[in-house]
Amino acid sequence: MKRSFQKPWHDVKQRNIEAIFDCLKSWGKELKKAGLMIDKKTIVFAAIIFIAIIAAAALFNAAGLSIAQILDIKNLKTTISKFLSPEFIGFLIIAPLAYAFAIIAMRKNESMQTLAICSAASAAGTIASLAVFPNLAYYLIIAIFAIISIPIAMYYSTISFREMKKFIVFRGTNSAIHKGALLIAIGIIIFSATAIMPKTQQTATEFEYNMIEFILGENTSGLAGFSGTGLSEKLADNLILQQSQLLSQMTANQVFENLKTKTDSDVIAFVTATEALKQQLASPVYRNQVIAQIKANQENALEQSGIDQTQIIQIIKKQMPIMQQFENWFWAIIALMLIGIIQLLFAIIIAPLGAAYTLILDRAMPENKKTDA
């Protein structure tokens, strides 16, 4: 009696479960037709975008680059070393992945839903990066426009893919990423106007001080690969060159050659001292001694005259009235400089690399692939 009661109940329960699954499948088909069903690949792409943004932010933070660092011209060697550091190079390699996966997601499943999901992933990745790396919060405005640049690149990629006839994926992605870079440029202008303009006088004055120290030769030695040296180094090189030329003219004379044959002890000592002086003029140690002496003379002259860096800047401003305009518009100059750097990086690295990533992904996932002539 117990078994006969349970078996029908078990059958009813089984039929109900099957009916529920059939209903869910039916709803899934309807949602998919309506464009409301989330594609699994889109979720994977969004997750990779999220991870790529956090990884890129971590590498950029580790590189230690900042606007103050870029403007510190007296430590130009340190700034350049940071641009060439493994962390910054890693940032340039990882950052294009966010664009590549966003654009390939749109190419494989072109819909507003894909656009929304990838945009949400980029926003979440950026917010998480700012929370984990507080130093980057200073660039919040630029970060907001960087978030918006991803859906902009996705949207323009669909237009480029339809318009282009040859090398569709590479050229279309490259063009779309450049559109995103233009949006970041707008963000840089707004950032400079809001964050830098209120203290543009202070920033410009610090830059002018650094420029004067650079010209006077402080912290400019050892800039491998750069012809620009400080004033002290140039004066030292010119002085040593004049001494070497004078000594060469004297020793090239026939009279000096005749002295080498003399046996008089004083003559021999003179010839030996002259040869030693020639070697001394060519040594780095002597050059450093001359530079140090010139710098000491400069400092003594400034102390005796009572002129400091502030007075030097004021003298320059009187001679060059445009310097005041330079200070007033220094925030705009910084904006243009940052835009130039960003556009250059996008043009030669980020956009081409993002296009290459997208092309590889497109070839790796041939299903639903459009013909690429």
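The values are calculated or read from the model by the stated rules, or taken from the named source; none is laboratory data. Everything quoted here is computed from the prediction, not taken from an experiment. Every residue, glycine among them, receives a Cβ derived from its backbone with ideal geometry; neighbour counts consider all protein chains shown.
Things to note:
- Residue in the range 193-202 that is closer than 20 Å to Phe60 by Cβ, part of a helix (DSSP H, G or I), polar (S, T, N, Q) and free of Cβ contacts under 8 Å to residues at least 60 places away in the same chain present: no
- Screening Glu367 on (1) at pLDDT below 90; (2) under 25 Å from Ala195 (Cβ atoms) shows it passes everything except condition (2).
- Applying the condition of being crowded, with 16+ Cβ neighbours inside 10 Å and assigned to a loop (DSSP other than H, G, I, E, B) to the range 39-77 and asking which residue is modelled with the lowest pLDDT yields Asp72.
- Residues that are buried (at least 17 other Cβ atoms within 10 Å of the Cβ) and either outside the structural domain of Leu344 (by TED's automatic domain parsing) or free of Cβ contacts under 8 Å to residues at least 24 places away in the same chain (or both) within the range 157-171 comprise just one, Ser160.
- Met323, sole failed condition from (1) within 25 Å of Ile67 (Cβ to Cβ); (2) modelled with pLDDT of 70 or more; (3) over 20 Å from the mean Cα position of the chain (by Cα): (2)
- Qualifying residue in the range 207-216 (condition: under 30 Å from Ser81 (Cα atoms), outside any helix (DSSP H, G or I), at pLDDT below 70 and not assigned by TED's automatic domain parsing to the domain that holds Ala355): yes
- Inspection of the range 97-118 finds no residue satisfying the criterion of being assigned by TED's automatic domain parsing to the domain that holds Lys41, aromatic (Phe, Trp, Tyr) and surrounded by fewer than 20 Cβ atoms within 10 Å (Cβ to Cβ).
Here's the yes/no breakdown for (1) in a helix (DSSP H, G or I); (2) out of contact with any Lys or Arg (no Cβ under 7 Å at 6 or more places or on another chain):
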| residue | (1), (2) |
| --- | --- |
| Thr79 | yes, yes |
| Phe88 | yes, no |
| Ala131 | yes, yes |
| Ala146 | yes, yes |
| Pro151 | yes, yes |
| Lys166 | no, yes |
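- Residue match in the range 291-300 (condition: farther than 30 Å from Ser66 by Cα, surrounded by 13 or more Cβ atoms within 10 Å (Cβ to Cβ) and at pLDDT below 65): yes
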